[in-house]
Amino acid sequence: MERWDGVAWRLPLLCAQLTKRAWVCCAEIHCVTIGHVAKDTLTFRIEPGTKAALDTLAVALDRDRSYIINEAVDAYLDTQRWQIAHIKQGMKQADEGKFVSDRQMKTLVNKLLRK
């Protein structure tokens, strides 16, 4: 048996001989708790309609509300990090005097307007 993150786990060799579906089930049974990470509690106010939409989505995905909220927050943070990195990159290029020429910009705008 190997230990990882304080959780004993193993994947029986028998799984390798079973069907793909059985392999997946076997892997889920033995590995589901390996990635457990401690969570903090955060309280915030939310509109009733938004809460109802979260609950509807959670039921449809067979997940709890916390899972849906965590996924949404992770996606939001990824987007914000991406945007901030690109803004910083653009600001650095501007500080270095690297700009698109007027001609290149007009060509791009005209191309986008034709679509």
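Within the group ARG3, ARG45, which residue is out of contact with any strand residue (DSSP E or B) (no Cβ under 7 Å at 6 or more places or on another chain), modelled with pLDDT of 50 or more and of a type outside the set (A, V, I, L, M)? None of the other options fit; the residue is ARG45.
Go through the range 56-84 and give me each residue that's of a type in the set (S, T, N, Q) and within 16 Å of the chain's Cα centre (by Cα). Before you say what the answer is, go through the steps one by one.
Kept after step one, since they are of a type in the set (S, T, N, Q), are these residues of the range 56-84: 56, 66, 70, 79-80, 83.
Result: SER66, ASN70, THR79, GLN80, GLN83.
Among the residues of the range 43-79, the one identified as assigned to a helix (DSSP H, G or I), loosely packed, with under 10 Cβ neighbours inside 10 Å and among the hydrophobic types (A, V, I, L, M, F, W, C) is ALA60.
Residue count for the range 82-115 satisfying the condition of being surrounded by 10 or more Cβ atoms within 10 Å (Cβ to Cβ) and assigned to a helix (DSSP H, G or I): 19.
The values are calculated or read from the model by the stated rules, or taken from the named source; none is laboratory data. Bear in mind the structure is a predicted one, so any value in this text is a computation, not a measurement. In this analysis, Cβ positions are derived from the backbone assuming ideal geometry, glycine residues included, and neighbour counts consider all displayed protein chains.
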